[in-house]
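Novice: A single structure is presented below for examination.
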Amino acid sequence: MTTPFNFSAGPAMLPRAVLERAQEELRSWRGSGISVMEISHRDPAFMAMAAKAEQDLRDLMTIPENYQVLFMHGGGRGQFSAVPQNIAGPDATVDYLNCGIWSDFAIREAQKYVAKVNVVGGVVDTEQGRAIAAPEQWQVSENAAYFHYCPNETVDGIALHTIPDHLSAPLVADMSSSILSEPLTVEKFGVIYAGAQKNIGPSGFAIAIVRDDLLGHAQQNTSTIMDYTVQAQDRSMYNTPNTWAWYLSGLVFEWLKEQGGVEAIGAINQLKADTLYQYIDSSSFYSNPVHPDFRSKMNVPFLLADPARDGDFLKQAEQQGLLGLKGHRFVGGMRASIYNAMPLAGVEALVAFMREFEQKHS
Ligand SMILES: *Cc1c(COP(=O)(O)O)cnc(C)c1O
């Protein structure tokens, strides 16, 4: 069997080289005779590996010294509650931009922990497709404890490509599906977080990058494992971390460095996205509902003009080793997720299949 290309939105494809290395090391990590999952997280070899993973992430993202890098439990959604509990008091007002399904879930979770969640604006329909309202139109609060947004909406395929930097409140971003996909100015943010299973490693794991001045304000009833300040003090080892996920994420960071870092992978990601969108735009058989300026480079939703062919499309794609193309259950259609681990060859194979399918059926 030839190796398939996996377009799953998450848990998503991992680099093949990373899987091979994990396989090689599985039964005897660094000559220990046991696996990395079976040793103490306080073992010096594990601690050194964990510290190297953090340093590699710091190098890749150029994370300044005054930010903590936390390896947390509970995936992306765990951070939906961790953010308001850690950064805002129970009486606070917080601002949220609503760009799609994940923003919406984050808003609903925040409502449990703060007095007021102010939705400043969000998606607008234009003649060229769905877009995000211009910053001048956002109804921001005067005294928000933070401003939250999701730069890449994984389900909707909508992205905000410019960082809002006109706001006085600390910027908090859910980068679950876009972290490490292109260069980023970390200094513009108060908190960046990401569930790991799209561009980093296994699910259930999350990374939070938190500016020092935002620590020390957790609400009193914050569960201790979700307390940024405690996890920062304990180097993310207040309780037993997900050691396997930490190890595997470390391998992904090493792989990314070998690829030339985020600048190099960002150029490939741009090429992959351009290749797919250009083909979709050139065809009347397929369409994408998003304004060209707001299209995601990681998640490309597309619709067949005749949805009755969706089933055939998916079945034949799968037969050709193109997996995970079914759109999210909330929106239907198709979605190709093309994270860092997806090579250009995968996108080219997808476009070739789409072209062939179009020719057969139009
Ligand atoms: C996948 C995803 C999440 C949820 O992650 P879980 O680990 O399943 O909780 C949150 N936000 C965004 C943008 C995502 O893509």
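Here, each number is a calculation from the coordinates, and none is a lab measurement. Model, not experiment: these values are computed from the prediction. Cβ coordinates were reconstructed from backbone atoms using ideal geometry, including for glycine residues, and neighbour counts include every protein chain displayed.
Novice: Sort TYR238, TYR339 so the one with the fewest other Cβ atoms within 10 Å of its own Cβ comes first.
Specialist: Numbers: TYR238 15, TYR339 29.
In order of increasing Cβ crowding within 10 Å: TYR238, TYR339.
Novice: What FRET efficiency do you get for THR224 and ALA134 if R0 is 51 Å and r is their Cβ-Cβ distance, rounded to the nearest 0.05? Kindly include the intermediate steps, with their values, before the conclusion.
Specialist: Values: r = 41 Å, r/R0 = 0.81.
Efficiency, rounded to the nearest 0.05: 0.80.
Novice: Using Cα pairs closer than 8 Å and at least 6 residues apart in sequence, work out the relative contact order for the chain, in percent.
Specialist: Numbers: 681 pairs, mean separation 87.0, N = 362.
Result for the chain is 24 percent.
Novice: Let me have the 222 nm mean residue ellipticity of the chain computed from DSSP H runs of 4+ only, each contributing -39500 (n - 2.57), with the sum over all residues rounded to the nearest 500. Please report the intermediate quantities before stating the final value.
Specialist: On the way: 9 runs with 123 residues, N = 362.
When only DSSP H runs of four or more count, the value is -11000 deg cm²/dmol.
Novice: For segment 297-316 and segment 186-257, what is the centre-to-centre distance using only Cα atoms, to the nearest Å?
Specialist: With segment 297-316 and segment 186-257 each reduced to a Cα centre, they are spaced 35 Å.
Novice: Once amide H atoms are placed 1.01 Å from N in the peptide plane, what residues at a sequence separation of 5 or more from GLY122, or on another chain, have their amide H within under 5 Å of its amide H?
Specialist: It is ASN98, ALA133, by chain and number.
Novice: Straight-line reach from LYS112: which aspartates and glutamates fall under 17 Å, measuring Cα to Cα and dropping same-chain residues less than 8 apart?
Specialist: Within reach: ASP91, ASP95, ASP104, ASP227.
Novice: Would you list the membrane-span-like helices of the chain, meaning whole DSSP H runs whose alpha-carbon atoms span at least 27 Å along their axis and whose mean Kyte-Doolittle value is at least 0.0? Write out the running numbers ahead of the final one.
Specialist: Values: long enough: 261-282 (32 Å, 0.04).
In the chain, the long hydrophobic H runs are 261-282.
Novice: Continuing with the same structure: Enumerate the amide H contacts of ARG130 below 5 Å, restricted to partners 5 or more residues apart or on another chain; note that Pro and chain-start residues carry no placed amide H.
Specialist: VAL290, HIS291
Novice: Right, here's the next one. Comparing VAL186, VAL347, VAL331, which has the greatest mean-square fluctuation in the GNM of the chain with Cα pairs linked when under 10 Å apart?
Specialist: Among VAL186, VAL347, VAL331, the largest GNM mean-square fluctuation belongs to VAL331.
Novice: Oh, and also: Quick check of the Kirkwood formula: for the chain, what is the inverse mean of 1/r over all pairs of different Cα atoms, in Å? Intermediate results must be reported in sequence, preceding the final value.
Specialist: Working: mean 1/r = 0.0469 Å⁻¹.
Computed over the chain, the radius equals 21.3 Å.
Novice: List the aspartates and glutamates whose Cα lies under 18 Å from the Cα of LYS257, skipping any in the same chain that are fewer than 8 positions away.
Specialist: GLU20, GLU54, ASP56, ASP59, GLU182
Novice: How big is the charge dipole of the chain about its Cα centre, in debye rounded to the nearest 20, if each Lys and Arg gets +1 on its Cβ and each Asp and Glu gets -1 on its Cβ? Provide the component values of the computation, followed by the final result.
Specialist: Numbers: 27 positive and 40 negative charges, 168 e Å.
That gives the chain a dipole magnitude of about 800 debye.
Novice: Please identify the GluC sites (Glu not before Pro) of segment 46-128 that satisfy two criteria: DSSP loop assignment and at most 16 other Cβ atoms within 10 Å. Which are they?
Specialist: Details: sites: GLU54, GLU65, GLU109, GLU127; in loops: GLU65, GLU127.
Listed in order of number, the matching sites are GLU65, GLU127.
Novice: Which one of PRO202, PRO11, PRO44 has the biggest mean-square fluctuation once the chain is modelled by GNM with Cα springs under 10 Å?
Specialist: PRO44
Novice: Quick one: among PHE147, PHE302, PHE105, which has the greatest mean-square fluctuation in a GNM of the chain with alpha-carbon springs under 10 angstrom?
Specialist: Largest GNM mean-square fluctuation: PHE105.
Novice: Are there any trypsin sites (Lys or Arg not before Pro) in segment 90-139 that are in a DSSP loop and have at most 12 other Cβ atoms within 10 Å? List them by number. Write down the numbers at each step before the final one.
Specialist: Values: sites: ARG108, LYS112, LYS116, ARG130; in loops: LYS112.
Counting only loop positions with at most 12 other Cβ atoms within 10 Å, the trypsin sites (Lys or Arg not before Pro) in segment 90-139 are LYS112.
Novice: Give me the percent of DSSP beta bridges within the chain that run antiparallel, rounded to the nearest 5. If you can, show how the numbers build up before the last one.
Specialist: Values: 26 of 43 bridges.
The antiparallel fraction comes to roughly 60 percent.
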